[in-house]
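Worksheet: the structure to be examined is printed underneath.
The values are calculated or read from the model by the stated rules, or taken from the named source; none is laboratory data. Just so we're clear, the structure is a prediction, and the values are computed from it rather than from any experiment. With ideal geometry, Cβ positions are generated from the backbone for all residues, glycine too; neighbour counts draw on all protein chains shown. Accessible surface areas use protein heavy atoms only, side chains included; no ligands, DNA or RNA. Shrake-Rupley method; radii C 1.70, N 1.55, O 1.52, S 1.80 Å.
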Amino acid sequence: MDHPTFPPGFLWGVSTSAFQIEGAAAEGGRGPSIWDTFTATEGKIARGEDAKVAADHYHRYSEDIALMAELGVGAYRMSIAWPRIQPDGTGKPNAAGLAFYDRLIDEVCAAGIAPAITLYHWDTPQAIEDAGGWLSRDTAQRFADYATIVGEHFADRAKLWIPLNEPMVMSIYGYGIGEYAPGQFLLLDALPTAHHQNLAHGLAVQALRAAGATGIGTANNHSPIWPDHDTPADREAADWLDALLNRTFADPMLLGSYPEQVHPHLPENFADDLGTIAQPLDFYGVNYYEPQGVTAPGEGNPLPFELRPIEGYPMTTNDSPIVPQALRELLVSFHERYREHLPPIQITENGCSFADEVGPDKQVHDTERIDFLASHLGALREAMDAGVDVRGYFVWSLLDNFEWSKGYAPRFGLVHVDYETQLRTPKDSFAWYQKLTRHEG
């Protein structure tokens with residue numbers, strides 16, 4: 001499938017996260033994380049799967065970096081596991097953990113690929129959770145201390161920095177509805193975790209800049225919110241959900257404020273932290289997967305909205321509707337909402353899962369993924385033509401991986417992983433993306 005053209009210097013990349021691919025859960029001095037605890041809890045993960053081995057990237061990173069070099073990407077967005085650096089979330093760094101990432105990042109750089117480092121992709125050290133986790137304001141300071149360690153060690157090698165990946169997911173899925181670690185069911189009482197993560201973001205940006213880091217941004221998950229019907233009640237529900245999923249994270253970072261809907265649910269004196277949260281950013285990272293449908297709440301619903309499925313579109317195997325034009329809608333609306341406050345955008349995640357299998361010819365013919373990527377890049381190009389300043393695009397993901405509570409069934413990778421043998425098989429989408437990066441690069 002053809003693709004639109006992009007300007008010179010446009011950054012092409014792939015993304016992964018530590019917990020989803022590294023494995024080696026008990027090696028190199030790594031401490032336990034909330035996800036180790038969660039996966040060990042019966043009934044939390046599909047088929048009882050865990051990430052003790054995952055894609056074994058900890059031992060096979062050289063092979064994976066070689067694949068990225070073959071792919072021709074300019075950047076690799078990876079996450080560092082907080083429990084590898086500080087096994088209990090505090091104190092002096094674990095030398096073996098730093099040494100692992102030294103080897104990994106040095107090899108990425110040697111391959112001519114720019115590291116884009118995410119400090120936190122949901123793997124809170126269990127000791128930090130035991131002390132209150134993101135419900136505790138103190139966790140923001142502990143995170144800043146961790147950011148200082150990593151920043152001072154790797155600032156000379158990283159092109160881009162992302163303090164926290166998708167704080168919305170940790171707040172809503174982890175503390176709000178309990179589908180993800182740490183598995184709490186607090187509904188709107190989870191919103192202090194959003195504020196404490198936003199504060200951690202601001203403190204980490206300060207710490208990274210003090211350590212000499214440049215190219216600092218964020219990676220927030222965003223979705224256009226579609227009311228089920230064009231009625232005042234459904235529009236009000238959509239505005240509430242937009243505030244919760246999108247503006248609770250973008251507004252304080254970019255505008256130094258929170259949407260009024262969430263004020264009653266935030267910690268007392270939250271406004272005192274807004275100046276710290278609203279640090280100048282070099283880029284704004286957008287993770288996009290799908291729009292979200294919503295309607296007015298029914299009787300007995302404790303929330304001011306009710307989710308609705310988006311119907312009439314093809315679906316991924318991760319139950320996401322495939323709506324490329326919603327990416328254009330999202331980017332244009334952000335451009336119009338935040339205007340001069342919005343820094344250049346990086347699409348820090350976009351991808352899809354399908355039931356990819358290695359065929360009799362030893363190949364993986366994932367035509368659906370190629371169509372997905374091509375159509376979303378077309379929508380992205382339309383947003384750029386409408387005036388949105390987008391500087392790069394990262395596919396989620398390089399490898400098939402552990403997909404949180406759904407285990408290993410959803411396959412998001414450009415590279416198929418046989419979890420029994422750890423054999424890597426580049427899919428047809430790998431070759432398609434390779435042609436794009438080399439043509440545009």
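Restricting attention to region 205-259, the residues being in a loop (DSSP other than H, G, I, E, B) and either within 17 Å of Leu164 (Cα to Cα) or of a type in the set (S, T, N, Q) (or both) number 9.
Every residue, every condition in (1) open to solvent by less than 10 Å² (accessible area, probe 1.4 Å); (2) in contact (Cβ under 8 Å) with a residue 40 or more places away in the chain; (3) closer than 23 Å to Thr41 by Cβ, yes or no:
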residue	(1), (2), (3)
His57	yes, yes, no
Glu70	no, yes, no
Pro93	no, yes, no
Leu98	no, yes, no
Arg103	no, yes, no
Ile113	yes, yes, no
Thr118	yes, yes, no
Thr124	yes, yes, yes
Gly133	yes, yes, yes
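Given the criteria of a type in the set (S, T, N, Q) and buried (at least 21 other Cβ atoms within 10 Å of the Cβ), does Ser353 qualify? It is true that Ser353 is of a type in the set (S, T, N, Q) and buried (at least 21 other Cβ atoms within 10 Å of the Cβ).
Look at region 257-282: where a residue is without any contact (Cβ under 8 Å) to a residue 24 or more places away in the chain and a partner is aliphatic (A, V, I, L, M) and surrounded by 14 or more Cβ atoms within 10 Å (Cβ to Cβ), sitting 6+ places away or on another chain with Cβ atoms under 6 Å, you get Pro259/Ala243. The condition (being outside any helix (DSSP H, G or I), in contact with a Pro (Cβ under 7 Å, 6 or more places away or on another chain) and among the small types (Gly, Ala, Ser)) is satisfied by just one residue among Gly9, Gly43, Gly23, Gly31: Gly31.
Among residues of region 297-312 that are crowded, with 16+ Cβ neighbours inside 10 Å, those with a Cβ under 6 angstrom from a residue that is part of a strand (DSSP E or B) and small (Gly, Ala, Ser), sequence gap 6+ or separate chain, pair up as Arg308/Gly293; Ile310/Gly293.
Would you check if there is a residue in region 231-247 being modelled with pLDDT of 95 or more, over 18 Å from Ile172 (Cα atoms) and of a type in the set (A, V, I, L, M)? Among the residues of region 231-247, at least one is modelled with pLDDT of 95 or more, over 18 Å from Ile172 (Cα atoms) and of a type in the set (A, V, I, L, M), which makes the answer yes. Answer yes or no: is there a residue in region 256-279 that is surrounded by 21 or more Cβ atoms within 10 Å (Cβ to Cβ), within 26 Å of Gly351 (Cβ to Cβ) and modelled with pLDDT of 95 or more. Checking region 256-279: not a single residue is surrounded by 21 or more Cβ atoms within 10 Å (Cβ to Cβ), within 26 Å of Gly351 (Cβ to Cβ) and modelled with pLDDT of 95 or more. Cβ-Cβ distances below 8 Å connect the following pairs, each with a first residue in region 163-188 that is within 15 Å of Leu303 (Cβ to Cβ) and at pLDDT 95 or above, a second residue that is β-branched (Val, Ile, Thr) and part of a loop (DSSP other than H, G, I, E, B), and a separation of six or more residues or different chains: Phe185/Ile177; Leu187/Ile177.
Among all residues of region 239-250, there is at least one that is open to solvent by less than 10 Å² (accessible area, probe 1.4 Å), closer than 13 Å to Phe305 by Cα and without any contact (Cβ under 8 Å) to a residue 60 or more places away in the chain. Of the numbered conditions (1) closer than 29 Å to Asp366 by Cα; (2) in contact with a Ser or Thr (Cβ under 6 Å, 6 or more places away or on another chain), Ala326 fails exactly one; give the number of that condition. So the condition that Ala326 fails would be (2). Looking only at residues that are buried (at least 24 other Cβ atoms within 10 Å of the Cβ) and assigned to a helix (DSSP H, G or I) in region 173-192, which one is nearest to the chain's Cα centre (by Cα)? Result: Gly174. Being under 22 Å from the mean Cα position of the chain (by Cα) and either open to solvent by less than 20 Å² (accessible area, probe 1.4 Å) or closer than 16 Å to Tyr338 by Cα (or both) is the filter here, so list the residues in region 212-238 that pass it. Selection gives Ala213, Gly215, Ile216, Gly217, Thr218, Ala219, Asn220, His222, Ser223, Pro224.
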